[in-house]
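Heads up: the structure comes next, in structure tokens.
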Amino acid sequence: MAAVHKTSPKGGKNVLIVYAHPKPESFNGALLRKAVDVLSSQGHNVVLSDLYKMNFDPLVRLEEFSVSDSGSAAISRAVQEEVEKVEQADLVVFQFPLYWGSFPAILKGWMDRVMQVMSGFVRKTGFYEEGDLKGKRALLSFTTGAPSIPVESLEAILLPMQVVTLNAVGFDVLSPQVSLGVEHGTEEMLEQYLADWARRLSTVFEEPTSEMLTVDSWAEKHCHV
Ligand SMILES: Cc1cc2nc3c(=O)[nH]c(=O)nc-3n(C[C@H](O)[C@H](O)[C@H](O)COP(=O)(O)O)c2cc1C
């Protein structure tokens with residue numbers, strides 16, 4: 001699963017899964033395994049970045065900070081490898097538990113370091129519609145402890161993760177897969193989440209993407225003042 005292929009031998013797509021949970025027996029681990037099974041059985045190439053297993057360093061350090069300062073490269077090998085995986089991917093799936101309404105720190109750090117290099121901060125492309133990752137799909141799949149989240153709060157939670165990060169670098173974003181209240185979920189409920197996830201992934205390349213929003217268009221849509 002570590003190998004990256006340019007084209008699938010069966011003509012499938014390239015999917016990168018960025019996974020941020022330390023415990024393989026977690027429900028996030030079960031969602032990851034389901035995704036790998038379903039996508040692979042459909043002939044897609046699946047590449048995994050298991051961030052805790054990789055001990056991914058989430059900090060943008062001084063040497064890398066200079067990347068965005070001057071555009072001159074001091075990109076570490078670990079980041080370069082992730083950049084290459086994203087470059088080859090048609091779809092990037094992010095699987096993680098919601099921590100304080102956002103990414104776990106290790107995934108936030110992956111965004112900071114990898115997306116910095118692929119963004120208009122470093123590349124001479126722009127942001128949003130001009131972003132370099134235009135044409136690639138991204139999908140956030142996250143679990144929560146909360147058994148429900150009002151739609152308005154969910155939209156607000158998605159603003160930094162989906163709009164300000166993924167849309168900003170040009171990704172075409174799919175609607176998120178949210179598995180609510182998994183901590184105290186019944187076995188039936190968790191089985192249902194896994195079945196829903198499998199069904200969705202089986203046609204994920206046929207799904208329409210969400211409207212690309214910017215900070216301004218998000219505010220126009222959501223702030224009625
Ligand atoms: C540091 C931390 C922060 C969390 N923040 C939230 C949160 O903001 N909203 C929420 O619904 N659950 C929150 N949770 C609960 C986790 O999202 C929940 O434990 C996880 O989704 C369960 O998935 P798992 O069974 O795969 O570990 C938090 C948990 C931790 C440890």
Quiz prompt | Mean residue ellipticity (222 nm) of the chain, computed from DSSP H runs ≥ 4 via -39,500 (n - 2.57), nearest 500 | solution = -10000 deg cm²/dmol
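Would you mind checking the pairs Lys13/Lys53; Lys34/Lys85; Lys53/Lys124; Lys85/Lys124; Lys85/Lys221; Lys108/Lys221 and listing those with alpha carbons more than 29 angstrom apart?
Lys53/Lys124; Lys85/Lys221
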Practice problem: Would you mind getting the Kirkwood hydrodynamic radius of the range 14-222 from its Cα pairs, rounded to one decimal in Å? | Solution: 17.6 Å
Quiz item: Can you list residues whose amide H is under 5 Å from Leu48's amide H, if they're 5+ apart or on another chain and H is modeled 1.01 Å from N?
Solution: Ile17
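Rank-order 137-144, 209-216, 32-39, 197-204 by packing density, defined as the average count of other C-beta atoms within 10 Å over each peptide's residues, highest first.
137-144, 32-39, 197-204, 209-216
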Quiz item: Using the Karplus equation 6.51 cos²θ - 1.76 cosθ + 1.60 (θ = phi - 60°), what ³J(HN,Hα) coupling, rounded to whole Hz, does each residue of the range 175-181 give in order, writing x for Gly and Pro?
Solution: 5, x, 9, 10, 9, 7, x
Quiz item: Is the shape of the range 38-116 best called rounded, prolate or oblate, per the rule: a/c under 1.5 gives rounded, else a/b larger than b/c gives prolate, else oblate, with a ≥ b ≥ c the square roots of the Cα gyration tensor eigenvalues?
Solution: oblate
Practice problem: Calculate one ³J(HN,Hα) per residue across the range 125-137 by plugging θ = phi - 60° into the Karplus curve 6.51 cos²θ - 1.76 cosθ + 1.60, and present them in order as whole Hz with x for glycine and proline. | Solution: 8, x, 10, 6, 4, 8, x, 5, 9, 3, x, 8, 9
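None of the figures in this text is laboratory data; all of them are computed from the coordinates on show. Quantities reported herein were computed from a predicted structural model and do not represent experimental measurements. In this analysis, Cβ positions are derived from the backbone assuming ideal geometry, glycine residues included, and neighbour counts consider all displayed protein chains.
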